[in-house]
Amino acid sequence: AASVSGGVEEKQEGKKGKRGKAEGAGKSTPGAVSGSRSQKKGICGDMEEETSSERGAEAQIGTGMGKEQSSFLLGARIEKRREESEVVSVPSSLQAVLVHLGSWRYWFGFWVFLLSVLGAFSGLTLMSAALMGGDWEFWKETSQFLNSVGDTTPSLGIFWYTFQLVFTRFRLLFLCAFQGHLLINVLPLWSRFASSGVDLAIISLSSLLLFHPYTSSADFALMLSLAACNWEAVRRSEAFAALLVASVFGLSVQPVMASLWLERNTGNANFLFNMCLVQHIFAGFLLVEWTRAAALLQRKRGTVDFVRRLLDSCLDVAVSGKVREIERMTAKS
């Protein structure tokens, strides 16, 4: 009986121990739940604090109290305006050409200019014919003579030597190549210097003077005078002085070579033609160097205009923000 009663007591104690563990577990479960709830509340509180801090920063930016945040916002606005202005106000050459071609004002001005030039040329030609008594021989002695290169007397140009040696059946081909190659440069030059008519006129006239059928020293001097009209481009040309010296050297040696060939009979036509080539090659490089400097100068002017517009926009943003701040302060007061 004692052993049975001891086993019963042990079973009851075991049941009580299990109940205590269950109760402890039951009590610990609400504690864990409350701990997780407190953690969630802490996370929500942190999020609310972050949101409130962001709102406070925005409020400080709006009221002008947060200097760092307002400067960052101002820098972002300036960068955005700079990108927009780069896209709009600093277009590439192709975009500028497309913009010009898509405008009816451009085509109207183009046709007006073309008809004006043709009308002036026709009027001067008819006046010349009337002064000559209706005789059109003057046309053959002026325009037709220059375009056909009928005179191959040795000169300072490069046409006479080539057309003395060319075969008759190829003469028209060489005429088209020598006289018409300048037309290839019209569209590229216009697309690059569309906003600078003076530079475009200087380059075009210099090309015509350089590749004239009967070039003289006066043509070279006129080309240099036209280049000096834009002295800033001359200053920015890196090898302008060296190319000028080489061109003048070739031009000054030509009379010596002509005298050796035609007067003393100690040379030949190649002597004179070589000096003509030297003078024309270095003069061509001189024109190319001046054109490159003019293009860089035009790009710099565009950059300066862009920076000026950018500073104006920054000042507008700063002034408008200050005005809004003053208005809010006066409204609060």
Requested in this report: Could you check, for segment 263-282, whether at least one of its residues is over 17 Å from TRP160 (Cβ atoms), among the hydrophobic types (A, V, I, L, M, F, W, C) and crowded, with 18+ Cβ neighbours inside 10 Å?
Outcome: yes
**Report entry** Selection from segment 203-218 of residues that are in a helix (DSSP H, G or I) and touching a residue at least 40 places away in the same chain (Cβ under 8 Å)
**Finding:** ILE203, SER206, SER207, LEU210, SER217
Report summary line: Over segment 243-262, the set of residues open to solvent by 40 Å² or more (accessible area, probe 1.4 Å) and within 25 Å of VAL198 (Cα to Cα) is LEU244
Requested in this report: Return a yes/no flag: does segment 280-296 have any residue that is aliphatic (A, V, I, L, M), more than 29 Å from TRP190 (Cβ to Cβ) and either at pLDDT 90 or above or more than 43 Å from the chain's Cα centre (by Cα) (or both).
Outcome: no
Requested in this report: Given the conditions (1) of a type outside the set (Lys, Arg); (2) in contact with a Leu (Cβ under 8 Å, 6 or more places away or on another chain); (3) part of a helix (DSSP H, G or I); (4) open to solvent by less than 90 Å² (accessible area, probe 1.4 Å), report the number of the one that VAL323 does not fulfil.
Outcome: (2)
Query raised in the report: Does any residue of segment 261-269 turn out to be modelled with pLDDT of 85 or more and within 27 Å of LEU205 (Cβ to Cβ)?
Result: no
Requested in this report: Enumerate the pairs (first residue in segment 141-152 and in contact (Cβ under 8 Å) with a residue 40 or more places away in the chain; second residue anywhere and open to solvent by less than 70 Å² (accessible area, probe 1.4 Å)) with beta-carbon separation below 6 Å, excluding pairs fewer than 6 apart on the same chain, so at least 6 apart or on different chains.
Outcome: LEU146/PRO213; VAL149/PHE159; VAL149/PHE163; VAL149/PRO213
Query - In segment 165-220, the residues that are of a type in the set (Ser, Thr, Tyr) and open to solvent by 60 Å² or more (accessible area, probe 1.4 Å) - result: THR168, SER195, SER217
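The values are calculated or read from the model by the stated rules, or taken from the named source; none is laboratory data. None of these values were measured; they are calculated from a predicted model. Virtual Cβ from ideal backbone geometry, glycine too; neighbours counted across all protein chains shown. Accessible surface areas use protein heavy atoms only, side chains included; no ligands, DNA or RNA. Shrake-Rupley method; radii C 1.70, N 1.55, O 1.52, S 1.80 Å.
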